[in-house]
2 protein chains.
Amino acid sequence: MAKVHNYSAGPCILPKEVFQKAAKSIENFNDLNLSLIEISHRSKDFVDVMEEARSLVKEILNIPENYDVLFLQGGASLGFLTAAYNMMRSHKRGGYLVTGSWAKKAAKEANFMGESKIIASSEDTNFNYIPKGYDLGDDIDYFHVTSNNTIFGTQIKEFYKGEIPLVCDMSSDIFSRKINIDDFDLIYAGAQKNMGPAGTTLYILKKDILGNSTVPIPTMLNLKTHTEKDSMFNTPPVFAVYTSMLTLQWLKGIGGLDAIEKINMEKSNLIYNEIDRNPLFSGTANVEDRSNMNATFTLNDHNLSNEFEQMLNDANVSGLKGHRSVGGYRASMYNAMPKESVEVLVDVMKELTTKKG
Amino acid sequence: MAKVHNYSAGPCILPKEVFQKAAKSIENFNDLNLSLIEISHRSKDFVDVMEEARSLVKEILNIPENYDVLFLQGGASLGFLTAAYNMMRSHKRGGYLVTGSWAKKAAKEANFMGESKIIASSEDTNFNYIPKGYDLGDDIDYFHVTSNNTIFGTQIKEFYKGEIPLVCDMSSDIFSRKINIDDFDLIYAGAQKNMGPAGTTLYILKKDILGNSTVPIPTMLNLKTHTEKDSMFNTPPVFAVYTSMLTLQWLKGIGGLDAIEKINMEKSNLIYNEIDRNPLFSGTANVEDRSNMNATFTLNDHNLSNEFEQMLNDANVSGLKGHRSVGGYRASMYNAMPKESVEVLVDVMKELTTKKG
């Protein structure tokens, strides 16, 4: 069968070797003649998986000793709540940078046990830029940001550096570029973009945030519960953790963040250059805030959309439809997407211009 | 390689055809030339999986129209909290039958937003029986029970029938026997015993419990959030839901609960008959409360344990070690375990007696 160029925004493309190894583990894991998913999570074979996954995260992101790494459940949506519970201090108030729908949902959860303060929002222009030059004030316990906004194709290029603890939902661009972990007190990220399949959520936390919340926290939402049990307080999502480990092994193998950042830059330059060059298309995001993960664009003449979509289909380009709240197209170019797939898309865009030019 | 007789208490054995189909889906799902785990959860292909999984649950358990079915994340441990949040009414108090470690943890979470009242407990004898003849009083909003206690090998044979809403953690014996859904207002169950791999949690709820809690509920813990979005409020744990669907297809295919209840009874009779007959072994659970899923027993003479364990090993019997809080052995005989594997275990027990008799 023809290769599909998978632009799905998440769950999304992962490396082919990861699919092969994950599939094998379901039938016979570690030559035990047992499936990965039928062994005890307390067995040495699985404990080794969890430990390797955690240690690959630390190694790839260059995480200092005073941080801990967890693989939990619930998605970033439960992370909104978990983050707020664990970060509330004397003000019982979190500051939120509202750069998209997920950021807005994160802010909402802080009102459950405390209060959220909207530091800045780009909702007035349908989130097509990242607000800058805002004032945090002196009445918040932490500052929450969303590093990449899949729906709107924007990305934070420079993170806040200051005294207020920084919390980041990094679901859609973690492991795509180098970051300085010291800038953050808490990072959480659903796995299903650059790390693995849906079903596990990564938490990276500075150890000294633990035990300092000023609000009572239910057992499962208290990060201390999980750090004390090495991310095995209850049965972990075995398959999602294993497949994340495989993806991280792949990333390390190709050269880690140095290598992938370069490749991701090449891919996003390819598509943005074409969007800017091609008179038939327009980008939707503010140029300086453009995401290197999700490029959002529209056809200037909507009458061409049927033809363009037929051409995409003929070229085996899948998952390019934009989110309903933006419309148009969204090219999600996560780590595992080869440059070749972006070239195929760009060729289709060029071809449409040749036809119509 | 020799067949392994997998007695793991959970995650645990699933049908071989489920492993084969699940593995295939990781490399090429529905002949899309894409992996199950790289497609959008909003694609028709995955929405169909979620809908088939939910509808198989309804069909197999004979669930009436006034109930809804959800596949969420977080395990039963998050279910403890979710159940309490959703069931609190005017008393702001839940009644708990404490029949094991998990029941005790469930009761603890109710104290977060309300109060738990211990209706009865068997902790005084290390949970080796199911308390009966208790009085619920008139000051609780719901009555919470744990249908099967994996660690202690006990199981509730008759459920409470009365006016007070019944909530049940059915993680370790759901789909193992016929139950009357009308007896329950809310059932939750981690998938990793009879339903699928670790990573998803099943909720079965009477629709009229929704929206009636007297305490505020965070978004992700409010069951209404999820029923309103057909179990797709946020990205579901795709692989765990798909593999659960495959396991439910298998269960339906072999004849559903009528068939499996009979097989499970045969398997548990085999092992309990041997435990009672064989002078070298003793069961640890009260006879009338014995679980048909997990048979717990000890060697009367601990000096024989090395020899017994070597014989188990030679026979490829795996995962029989009892939980540390009970010791001895635990034979977990979930739906997918063939009767043949129980016969192998019983043969080893008989052989030990012949040697030592």
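Label-to-label distance for B:N33 and A:E27 is 2.2 nm, based on points extended 7 Å past Cα in the beta-carbon direction. A simple packing score, the average count of other Cβ atoms within 10 Å per residue, orders the peptides B:326-339, B:24-37 as B:326-339, B:24-37, with the highest score first.
Region B:168-225 and region B:285-350 have Cα centres separated by 30 Å.
Using θ = phi - 60° in the Karplus curve 6.51 cos²θ - 1.76 cosθ + 1.60, the 3J(HN,Hα) couplings for region B:102-109 round to 6, 4, 5, 5, 4, 4, 4, 5 Hz; x is entered for Gly and Pro.
In debye, nearest 20, what is the charge dipole magnitude of the protein assembly as shown about its Cα centre with +1 on Lys and Arg Cβ and -1 on Asp and Glu Cβ, if you could check?
On the way: 74 positive and 88 negative charges, 14 e Å.
For the protein assembly as shown, the charge dipole is close to 60 debye.
Calculate the mean, over all residues of peptide B:237-244, of how many other protein chain Cβ atoms lie within 10 angstrom of the residue's Cβ.
Working: counts 11, 7, 12, 9, 2, 0, 4, 0.
What the average comes to for B:237-244 is 6.
Once the Cβ-Cβ distance of A:V215 and B:N111 is raised to the sixth power relative to R0 = 22 Å, the FRET efficiency obtained is 0.90.
Contact order for region A:16-253, expressed relative to its length and based on alpha carbon pairs under 8 Å spaced 6+ residues apart, stands at 26 percent.
Pairwise alpha-carbon distances in region A:256-356 exceed 18 Å for 43% of all pairs. Each Lys and Arg adds +1 at its Cβ and each Asp and Glu adds -1 at its Cβ; summed about the Cα centre, region B:33-186 shows a dipole of about 320 debye. GNM on chain A, C-alpha springs below 10 Å: top fluctuator among A:M88, A:M50, A:M113? Evaluated over chain A, the most mobile residue of the options is A:M113.
Relative contact order for region A:55-127 using alpha-carbon pairs under 8 Å, separation at least 6, rounded to a whole percent? Working shown, then result.
Numbers: 75 pairs, mean separation 19.9, N = 73.
Taking the mean separation of contacting Cα pairs over the length of region A:55-127, I get 27 percent.
Helix-only arithmetic for chain B: the sum of -39500 (n - 2.57) across DSSP H runs with n ≥ 4, divided by the residue total, places the mean residue ellipticity at 222 nm at -11500 deg cm²/dmol. Beta bridges per DSSP, both residues in chain B: antiparallel share near 55 percent.
Considering only A:D289, A:D208, A:D185, the Gaussian network model of chain A with Cα springs below 10 Å gives its largest mean-square fluctuation to A:D208. Counts of other chain beta carbons within 10 angstrom of each beta carbon in peptide B:339-350 average 0.
Neighbour counts of other Cβ atoms within 10 Å put B:S305, A:S101 in the fewest-to-most order B:S305, A:S101. Ascending distances from the A:R324 label point to its copies in the other chains, with the point 7 Å along the Cα-to-beta-carbon line: 5.0 nm. Backbone geometry of region B:316-331 corresponds, through the Karplus equation with coefficients 6.51, -1.76 and 1.60 at θ = phi - 60°, to 3J(HN,Hα) couplings of 6, 8, 10, x, 8, 4, x, 5, 4, 7, 10, x, x, 10, 9, 9 Hz, x marking Gly and Pro.
Based on the alpha-carbon gyration tensor of chain B, what equivalent-ellipsoid semi-axes (square roots of 5 times the eigenvalues) come out, in whole Å, largest first? Kindly include the intermediate steps, with their values, before the conclusion.
Details: eigenvalues 233, 157, 48 Å².
Semi-axis lengths for chain B are 34, 28, 16 Å.
Other protein chain C-beta atoms within 10 Å of residue C-beta, averaged over B:215-221: 6. Here region B:269-284 is scanned for amide nitrogen atoms under 16 Å from the site 7 Å beyond the Cα of B:N126 along Cα-to-Cβ, giving B:281-284. Label sites at B:N303 and B:E343, each approximated as a point 7 angstrom past Cα along Cα to Cβ, lie 3.5 nm apart. Residues A:W250, A:W102, ranked from the fewest to the most other C-beta atoms within 10 Å, line up as A:W250, A:W102. DSSP assigns beta bridges within the protein assembly as shown; of those with both partners inside it, close to 55 percent run antiparallel. Here the Gaussian network model covers chain B, with springs between Cα atoms less than 10 Å apart; of B:R177, B:R42, B:R290, B:R42 fluctuates the most. When region B:256-356 is described by a simple charge dipole with +1 on each Lys and Arg Cβ and -1 on each Asp and Glu Cβ, the residue from B:Y272, B:N316, B:Y329 located farthest towards its positive end is B:Y329.
For B:N180, the distances from its label point to the matching points in the remaining copies are 6.7 nm, ordered from shortest, with each point set 7 Å beyond Cα toward Cβ.
A 20 angstrom limit on the alpha carbon distance is what I want to check against. Which of B:K104/B:K267; A:K58/A:K207; A:K104/A:K229; A:K92/B:K224; B:K24/B:K178 exceed it? Numbers along the way, then the final one.
Numbers: B:K104/B:K267 29 Å; A:K58/A:K207 14 Å; A:K104/A:K229 32 Å; A:K92/B:K224 27 Å; B:K24/B:K178 32 Å.
Cα-Cα > 20 Å for B:K104/B:K267; A:K104/A:K229; A:K92/B:K224; B:K24/B:K178; rest within.
Rounded to whole Å, the principal axis extents of the Cα atoms in region B:309-357 read 31, 27, 16, largest first. Working note: Karplus 6.51/-1.76/1.60 with θ = phi - 60° gives region A:240-254 the couplings 5, 5, 4, 5, 5, 4, 4, 5, 5, 4, 4, 4, 4, x, 8 Hz, where Gly and Pro are set to x. The same position B:E17 in the other copies lies at 3.5 nm from this copy, comparing label points 7 Å beyond Cα toward the beta-carbon, shortest first.
Site pair B:Q20 and A:N62 shows an inter-label distance of 4.9 nm when each label is modelled 7 Å from Cα along Cα→Cβ.
Laboratory data are not the source of any read-out in this text; all were calculated from the coordinates shown. Quick caveat: nothing in here was measured; it's all calculated off a predicted structure. Using ideal geometry, Cβ is built from the backbone for each residue, glycine included, and neighbour counts are taken over all protein chains shown.
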